[in-house]
Amino acid sequence: MSVVTVSRGTSPVILACPHVGTELPAAVADRLDANGRLLADTDWHIDRLYDGLLPNATTVCATFHRYVIDANRDPEGVSLYPGQNTTGLIPETDFDGVPIWAKGAGPTQDDTAERLAAFHAPYHAALAAEIARVKAIHGVAVLYDCHSIRSTIPFLFEGRLPDLNIGTASGTSCAPAIEAAVARHAAAAEGYTSVLNGRFLGGWTTRHYGRPSDGVHAIQMEIAQSAYLATEAVPFAYDEAKAERLRAVLKTILTDIEAIALTLKDQSA
């Protein structure tokens, strides 16, 4: 199976989708229990949601499911949110804290090492290569990490999640102008709620690649799936009307990020 798909563009903006994949090697699928085989924690249809919004953007998408290995987790296994419920490099449970592996079939240390080499590393090699390529063209690169999650998950957070959750590792992963613009557009979007660096600060991708002083900016957008899906349960169907309304907001955000990136390029020239 192909681990990652890449569509190269000429924009300074790169869209990454580490959790949109649903492919499972047979050796992994056979070890999941009935709950795990639902793949409920997929970022359902997030690639479709962003498709064509910024025509010249590069896209980098994992094809494998996060239950194989999570491409947005530290390869060393360090928790993104110490002291809070979360899922690890190879999840033991789903987002509700319910086991996903058949009894006695959970991931081993050997599994982790093998999947880091076969899936996690190639995905990030492809992403790093595109960041380097785009930066060579423009002098800067902006990595926009695309995510979505169910709006209500008591195991992970209290209450209902805002629609648009912006993560910049508490302001360290991108230029203030990028953070401010995204937060401003999200707050101004009629009918949507938003938060900056709330429950989600950005995953390992945002924290690892975001180095504004080196001309690489990273920002994560975690969208509540209720904002664009017909239902946040099987079959996780895409709602065209909801999605089109949200796409207009996301297009404004991405277009402004691109314009700001070109300004940052001019400042660094």
Which condition breaks for Thr205 when tested against (1) touching a residue at least 24 places away in the same chain (Cβ under 8 Å); (2) part of a helix (DSSP H, G or I); (3) surrounded by fewer than 16 Cβ atoms within 10 Å (Cβ to Cβ); (4) of a type in the set (S, T, N, Q)? (3)
I'm trying to understand the selection: among the residues of the stretch 87-101, which are in contact (Cβ under 8 Å) with a residue 40 or more places away in the chain and part of a loop (DSSP other than H, G, I, E, B)? Thr87, Pro91, Asp94, Phe95, Asp96, Gly97, Val98, Ile100
Among (1) buried (at least 16 other Cβ atoms within 10 Å of the Cβ); (2) at pLDDT below 95; (3) hydrophobic (A, V, I, L, M, F, W, C), Ala269 falls short only on (1)
Give the residues of the stretch 13-29 that are of a type in the set (D, E, K, R) and either under 28 Å from Gly139 (Cβ atoms) or touching a residue at least 60 places away in the same chain (Cβ under 8 Å) (or both), sorted by residue number. none
So how many residues does the stretch 112-156 have that are surrounded by fewer than 18 Cβ atoms within 10 Å (Cβ to Cβ) and in a loop (DSSP other than H, G, I, E, B)? 4
From the option list Arg245, Arg199, Arg184, Arg160, single residue qualifying as at pLDDT below 95, out of contact with any Lys or Arg (no Cβ under 9 Å at 6 or more places or on another chain) and either farther than 19 Å from Thr59 by Cα or not in a helix (DSSP H, G or I) (or both) is Arg199
Considering only residues of the stretch 65-88 that are of a type in the set (D, E, K, R) and buried (at least 23 other Cβ atoms within 10 Å of the Cβ), which is farthest from Glu23 (Cα to Cα)? Arg73
Would you confirm whether any residue within the stretch 5-12 is without any contact (Cβ under 8 Å) to a residue 40 or more places away in the chain and out of contact with any Ser or Thr (no Cβ under 7 Å at 6 or more places or on another chain)? no
Would you say Ala34 is hydrophobic (A, V, I, L, M, F, W, C), part of a loop (DSSP other than H, G, I, E, B), more than 11 Å from the chain's Cα centre (by Cα) and surrounded by fewer than 23 Cβ atoms within 10 Å (Cβ to Cβ)? yes
Do you know which residues across the stretch 223-237 are touching a strand residue (DSSP E or B) at 6+ places or on another chain (Cβ under 9 Å), outside any helix (DSSP H, G or I) and either crowded, with 24+ Cβ neighbours inside 10 Å or not charged (D, E, K, R) (or both)? Ile223, Ala224, Tyr228, Leu229, Ala230, Phe236, Ala237
Looking at the structure I just gave you, is Asp41 surrounded by 14 or more Cβ atoms within 10 Å (Cβ to Cβ), out of contact with any Leu (no Cβ under 6 Å at 6 or more places or on another chain) and not hydroxyl-bearing (Ser, Thr, Tyr)? yes
Only one of these conditions is not met by Lys135: (1) touching a strand residue (DSSP E or B) at 6+ places or on another chain (Cβ under 9 Å); (2) charged (D, E, K, R); (3) closer than 16 Å to Arg73 by Cβ. Which number is it? (3)
Can you tell me how many residues in the stretch 55-64 are assigned to a loop (DSSP other than H, G, I, E, B) and either of a type in the set (A, V, I, L, M, F, W, C) or surrounded by 23 or more Cβ atoms within 10 Å (Cβ to Cβ) (or both)? 1
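The values are calculated or read from the model by the stated rules, or taken from the named source; none is laboratory data. Note that the structure is predicted; figures quoted are calculated from it, not measured. Don't worry about glycine lacking a Cβ; one is built from the backbone with ideal geometry, like all the others, and counts go over all protein chains shown.
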